[in-house]
Amino acid sequence: MKGYLSACFHCNNTAKFAKTKIFELHGLLDLVEIIAVNSNKSIVTRRILPLPPNNYQDKIQQMFNKRVKIKELLAQEPNNQATGSSEEVTVMGWVRTFRNNQFIALNDGSTNNNLQVVIELGKFDDEFLKRITTSAALKATGIIIPSMGKGQKLELKATDIEILGDSDAEKYPLQPKRHSLEFLREIAHLRFRTNTFGSVFRVRHALAYAVHKFYNDKGFVYMHTPVITGSDAEGAGELFKVTTLPFDNTPRNDDGSINFKEDFFGRATNLTVSGQLEGESGATAFGDIYTFGPTFRAENSNTARHLAEFWMIEPEMAFYDLEDNMNLAEEFIKYIIKYAMDNNREDMDFLAQRLAEEEKQLPQDKRSELGLIEKLEFVLNNNFERLTYTEAIDILRESNHNKKKKFQYPITGWGMDLQSEHERYLVEKHFKKPVILSNYPKEIKAFYMRQNDDGKTVAAMDILAPGIGEIVGGSQREERLDKLEQRMKEMNVPVEEMWWYLDTRRYGTVPHAGFGLGFERMVQFVTGMTNIRDVIAFPRTPKSAEF
Ligand code: 4AD
Ligand code: MG
């Protein structure tokens, strides 16, 4: 097919269609061939007749895809333009249910609300109707009319239905009933077709979009930091190695250690645990940057809050101190929550209802005091509680919970690392709101954090969220070269290998700060999903990387 439509044969409008390969106009399909291009650049075309065979025309009409999304259709009032008029619309989607050989509930993923497609009795033969099964893909054309049925304002009276893809009802694993989240995890490739996951992933999308909008509007530069790196930013050693060395006959040095000079990159490499260190080099040029990318940690934590592959947002700001950092993080979290509440209300209401029903199964004392929407509104309308690690330890030590020995890890005193049960006690029982803890003991934090004058603590800050625990980890960075080098040596971080990182302190060092927000934990917080595996499309966790 070498034809381009350069002019409409019905109205002779040339300019608009100069690049259109084939075009359907005025309900007619025109295929044309370019014969010549004139010196004034107008194109001389010849209409190809006869039109191609029927099945080919069908294909072309699908390509033109004039489909209307169900969300848009349902947003219309029954008495406006498309409704009540005889204008035809085409929708495409997957069958959720089919009743009485007449009513199809069609879903196209734009919303949880199905469009009722009504088939005129007797219009299609039985063989055809049998193919309208749950999850069959179809194209329905018809006229929008006000609905007599309950629960919807509009429906589509079908004049034509085409099955785009059959679905074997006997084998299709999703039935129109409630399935457990555990079961759905085993068919993660199909679970998007349920209402719960439809809502979760549309909200996830909205949150991701809001992340970019927030930073873009503030003039931050989005930086793509590498996925493969030679550094262990967090120094926690939870690295996935990246290598092309063979498992047998691995090249060795004289001392028996692996010779990474023979490896693909000529050095040992791993998947990134954080883009921060590269981000710092960006911040010391652009001022404000952020990263938003996949992050990998080989920590063997099989919990409802840990993934081996997750997404992290890491802003890094020159000329920021710890307090600026906390202010930005709080504003950021509130902004993206509000964005989802304002723009995805339907999905948010659905998720709130889902959570309320799920919690009905729990004993009274395990249920949340606030519903999902109320919780998020509360977060938006109140300041996060800010206190130091030292103050937190005092509260925990004096708590009845501790005195009654209800913590699995008792509060042994200043210096101990906080466990998730301690963090959750602070946010859920004591303050009942998000908390920003700051100035942690330097021993339990990373090498890059700015050392406070007390010689014991660093300018760290973690944000803890109800139901989740730690959602943000960040700090003001150590910008003083001598102090940084000294701390790296103390913590066995290879100073020579990090020459490039230290250069940011050698050439125009500035006070700067940043943080990392775990995106899935944020999605959990906003959607109310209790397991992190249910807010990422294809979760990677210990012993599990299906799909
Ligand atoms: O506290 P973390 O380890 O901080 C950093 O990586 C810093 N480099 C960030 C920075 O300052 N630029 O991780 C940040 C956040 C955590 O608070 C948590 O929300 C999330 O990342 N996170 C995980 N989320 C899911 N699964 C895991 N295994 C996670 N580990 C951390
Ligand atoms: Mg942390």
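Each reported figure results from applying straightforward, stated rules to the coordinates on display, with no laboratory input. Since the structure is predicted, the reported quantities are computational estimates derived from the model, not experimental observations. A quick note on method: Cβ atoms are made from the backbone with ideal geometry, for glycine too, and the neighbour counts reach across all protein chains shown.
Regarding the stretch 351-465, what are the three Cα extents along the principal axes, ordered largest first, in Å?
Dimensions of the stretch 351-465 along the principal axes of its Cα atoms: 50, 33, 20 Å.
Using only alpha carbon positions, build the gyration tensor of the stretch 432-486, then give the equivalent ellipsoid semi-axes as the square roots of 5 times its eigenvalues, largest first, whole angstrom.
Working from the Cα gyration tensor, I get semi-axes of 25, 10, 8 Å.
Which three extents, in angstrom, do the Cα atoms of the stretch 255-311 have along their principal axes, listed largest first?
44, 37, 17 Å, listed from the longest principal axis down.
Reachable aspartates and glutamates from LYS404, Cα under 19 Å, same-chain residues fewer than 8 places away excluded?
Cross-link targets: ASP365, ASP394, GLU421, GLU423, GLU428.
Based only on other Cβ atoms within 10 Å, what is the fewest-to-most ordering of HIS205, HIS422?
The most exposed by this proxy come first: HIS205, HIS422.
So if I restrict to the alpha-carbon atoms in the stretch 107-186, what is the Rg, and what is Dmax, the biggest pairwise distance, in Å?
14.6, 42
Would you calculate a helix-derived [θ] at 222 nm for the chain, using -39,500 (n - 2.57) for each DSSP H run of n ≥ 4 and dividing by the full residue count, to the nearest 500? Kindly include the intermediate steps, with their values, before the conclusion.
Values: 15 runs with 155 residues, N = 547.
Roughly -8500 deg cm²/dmol at 222 nm, from the helical runs in the chain.
Given 0.36 nm per residue, what is the gain on full extension from HIS189 to PHE286 after removing their alpha carbon distance, in nm?
30.9 nm
Viscosity 0.692 mPa s, temperature 37 °C: Stokes-Einstein D of the chain from its Kirkwood Cα radius, in µm² per second?
118 µm²/s
As a quick test, which of the pairs LYS71/LYS150; LYS456/LYS483; LYS406/LYS429; LYS366/LYS543; LYS375/LYS429; LYS130/LYS171 have an alpha carbon distance above 21 angstrom in this structure? Kindly include the intermediate steps, with their values, before the conclusion.
Working: LYS71/LYS150 18 Å; LYS456/LYS483 13 Å; LYS406/LYS429 13 Å; LYS366/LYS543 30 Å; LYS375/LYS429 14 Å; LYS130/LYS171 15 Å.
Flagged as over cut-off: LYS366/LYS543.
For the stretch 117-157, treating each Cα as an identical point scatterer without solvent, what Debye log10 I(q)/I(0) comes out at q = 0.25, 0.30, 0.31 1/Å?
So the normalised log intensities work out to -1.01, -1.10, -1.11.
How much FRET efficiency would the formula 1/(1 + (r/R0)^6) give for LYS218 and ARG178, where r is the Cβ-Cβ distance and R0 is 35 Å, rounded to 0.05?
The value I calculate is 0.25.
Order these by the 10 Å Cβ neighbour count, fewest first: SER180, SER167.
SER180, SER167
Which of rounded, prolate, oblate describes the stretch 271-350, given a ≥ b ≥ c as roots of the alpha-carbon gyration tensor eigenvalues and a/c under 1.5 marking rounded, otherwise prolate only if a/b is larger than b/c?
oblate
For LYS241, which aspartates and glutamates qualify as cross-link partners when the Cα separation must be under 18 Å and same-chain residues fewer than eight apart are set aside?
ASP232, GLU262, ASP263, GLU299, GLU309, GLU497
Starting from the Cα of LYS123, draw a straight line to each of the lysines and keep only those under 21 Å, dropping any in the same chain fewer than 8 residues away.
Here the lysines satisfying the reach criterion relative to LYS123 are LYS139, LYS157.
Over the Cα atoms of the stretch 437-521, how large are the radius of gyration and the largest Cα-Cα distance (Dmax), in Å?
Computed over the Cα atoms of the stretch 437-521, radius of gyration and Dmax are 13.8, 43 Å.
Sort SER147, SER231 by Cβ crowding within 10 Å, fewest neighbours at the top. Show your work: numbers first, answer last.
Numbers: SER147 17, SER231 22.
Ordered by Cβ neighbours within 10 Å, fewest first: SER147, SER231.
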